[in-house]
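The values are calculated or read from the model by the stated rules, or taken from the named source; none is laboratory data. Keep in mind that this is a model prediction, so the values were computed, not measured. Backbone-built Cβ (ideal geometry, glycine too); neighbour counts: all protein chains shown. Side chains are part of the model used for accessible areas, which takes the heavy atoms of the whole protein and leaves out ligands, DNA and RNA. Shrake-Rupley method; radii C 1.70, N 1.55, O 1.52, S 1.80 Å.
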Amino acid sequence: MRKVITYGTFDLFHKGHYNILKRAKDNGDYLIVGVTGENYDIGRGKLNVHDTLATRIENVKKTGLADEIIVEEYLGQKIGDIIKYDVDAFVIGDDWVGKFDHLSKYCEMIYLERTKGISSTQIRQETFDHYDIGMVCDIADDNGIIDEAKLLSGFEVKNVYFDDKSIADDFFKRFEVENNFDDFDEMLDSSDIIYVHCSVEKRIDYIRHALKAEKHVIYDPPATINPDELKELFEIARKNKVILMENIKMVHIFVFNQLLWMTQGGLIGDILSFNCSISKLDDNRSNLFYDLSTLCLLLMLKIMGQDYLKSDFKVTKSGDDIEFASMYFDYPKGIAVINAGNKIRVNNQLEIIGSEGTIRMFGDWWKCKHFEIHKPGLSDVEVFNTNFEGDGFKYLIKELSRMLATDRINTKAILEEESLKIVEIFNEIDKKE
Ligand code: C2G
């Protein structure tokens, strides 16, 4: 019996998919179809997948061509599958020509011509809504959104409004955006989603204005350091049924959930100490301290909770700008210390000490690419990793697209509670000075 294997995502199942399965089956007696798992697709940058794994498997099953369906979960699995299932031939479309030649060591490699004129990408473009993103900025930087939005079909940064017109030339040297508006209202009219990317003191007006115009908003947090103003923004968003989403990418990355699982699930015992530091010296925006410490505070609140007994802050300022602050929070079972510097360098790192182990993250820990668990007495270090290029904006937009597609504004993903608590902390720091 000749066994044939083929793989695919089979999203929005179409004629091209059917044809390749049919020809693969005709190539032997027994057909195994590997359908890609969701995490595998996300890991290989295929973020546009619309159908769930269950639907995609069901669609393959309905063809009646597959004798066996398996799930492809990780890079490299194909080699193991060929050996495990004793496969004679591997079939794949010719869009992959040359990419799998190394598998000819294990079985016959067959590339078949793709069916012309049809693809999942094309169906997605024709079927689903399109969202034009307009961005407000006061520095010649996009935080990664321009390139990363392109990875999700239906999303594109089309418009820009410069809060500071003098940065336009620098900006256009680095990025291509179709329309540059002189007037913010005009940009609002031409955009479905607004990304507010400017210094903290200017954010609230743009956000409020965009929400009142019933636009979805992504903003660099904090929106303000006044809790009443933030509550007002939440209210407008709710009333106008639009999404108000913090640009905090780490919460949309699966390593972040693993970190919560390890800490909240008691896997390193009681948390005795949470220590995290962050600094950024190459950004001249005023009061960047608030942006930087938002990341630290969010993680602290997620891991240690909101019920600390007391807090204290030591702040070093230059004029109105906070250069460095040390923040201290006394929890019933542990202590959290956060050091955030705008002009004063500290090593970026995170250490969470539990009664049964320590978690460490180095470098740009807020990207949540990896963390280590050190267990007392064990020489082995457990490492949790995720592989992605860029800043992670694509995962945030993916989440946004999920909310838009299901018409469900997921406040858990929006971090409303934590954002408010963070702004309350900032307000306290501000009052203390
Ligand atoms: N295909 C085709 N004609 C089309 C579209 C797709 O023959 N018009 C084929 C592809 O070449 C592939 C299969 O259908 O062999 C599944 O395509 P996708 O769902 O796009 O999956 P893909 O991303 O190509 O994944 O491990 C995954 C595999 O490497 C392939």
Q) Out of segment 199-213, which residues are open to solvent by less than 40 Å² (accessible area, probe 1.4 Å) and at pLDDT 95 or above? A) ARG203, ILE204, TYR206, ILE207, ALA210, LEU211
Q: Within segment 271-287, identify whether any single residue is more than 30 Å from LEU211 (Cβ to Cβ), open to solvent by 30 Å² or more (accessible area, probe 1.4 Å) and without any contact (Cβ under 8 Å) to a residue 40 or more places away in the chain, and answer yes or no.
A: yes
Q) Just one of LEU75, LEU65, LEU47 is near the ligand (Cβ under 10 Å from one of its atoms), of a type in the set (A, V, I, L, M) and out of contact with any Ser or Thr (no Cβ under 8 Å at 6 or more places or on another chain); which is it? A) LEU75
Q. Would it be correct to say that PHE371 is in contact with a Gly (Cβ under 6 Å, 6 or more places away or on another chain) and open to solvent by less than 50 Å² (accessible area, probe 1.4 Å)?
A. no
Q.
All but one of (1) part of a loop (DSSP other than H, G, I, E, B); (2) more than 8 Å from the ligand (Cβ to nearest atom); (3) crowded, with 21+ Cβ neighbours inside 10 Å hold for GLY28; state the number of the condition that does not hold.
A. (3)
Q. Are any residues in segment 67-77 touching a residue at least 24 places away in the same chain (Cβ under 8 Å) and open to solvent by 30 Å² or more (accessible area, probe 1.4 Å), and if so, which ones?
A. ASP67, GLU68, ILE69, VAL71, GLU73, TYR74, LEU75
Q) Quick one: ASN39 ticks every box in (1) within 23 Å of ILE253 (Cβ to Cβ); (2) in contact (Cβ under 8 Å) with a residue 40 or more places away in the chain; (3) part of a helix (DSSP H, G or I); (4) within 8 Å of the ligand (Cβ to nearest atom) bar one, so which box is it? A) (4)
(Q) Which of the numbered conditions does TRP96 fail, given that it passes all the others? Conditions: (1) free of Cβ contacts under 8 Å to residues at least 60 places away in the same chain; (2) more than 16 Å from the ligand (Cβ to nearest atom). (A) (2)
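Restricting segment 78-93 to residues that are exposed (fewer than 14 other Cβ atoms within 10 Å of the Cβ) and of a type in the set (Val, Ile, Thr), which is nearest to the ligand (Cβ to nearest atom)?
The extreme case among them is ILE79.
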(Q) I need a count of the residues in segment 6-25 that are more than 7 Å from the ligand (Cβ to nearest atom) and either touching a helix residue (DSSP H, G or I) at 6+ places or on another chain (Cβ under 6 Å) or assigned by TED's automatic domain parsing to the domain that holds SER153 (or both). (A) 2
Q. Among the numbered criteria (1) more than 25 Å from ASP430 (Cβ to Cβ); (2) in contact with a Cys (Cβ under 6 Å, 6 or more places away or on another chain), which single criterion is violated by CYS296?
A. (1)
**Q.** Residues of segment 321-332 satisfying the condition of being in contact with a helix residue (DSSP H, G or I) (Cβ under 9 Å, 6 or more places away or on another chain) and assigned to a loop (DSSP other than H, G, I, E, B)
**A.** TYR331
Q) Any idea which residue in segment 392-426 is modelled with the highest pLDDT, counting only those that are surrounded by fewer than 17 Cβ atoms within 10 Å (Cβ to Cβ) and of a type in the set (S, T, N, Q)? A) THR406
**Q.** Residue match in segment 93-110 (condition: assigned to a helix (DSSP H, G or I) and either in contact with a Pro (Cβ under 9 Å, 6 or more places away or on another chain) or among the β-branched types (Val, Ile, Thr) (or both))
**A.** no
Q: Considering only segment 99-116, state which residues are open to solvent by 70 Å² or more (accessible area, probe 1.4 Å), free of Cβ contacts under 8 Å to residues at least 40 places away in the same chain and within 10 Å of the ligand (Cβ to nearest atom).
A: LYS99, GLU113, LYS116
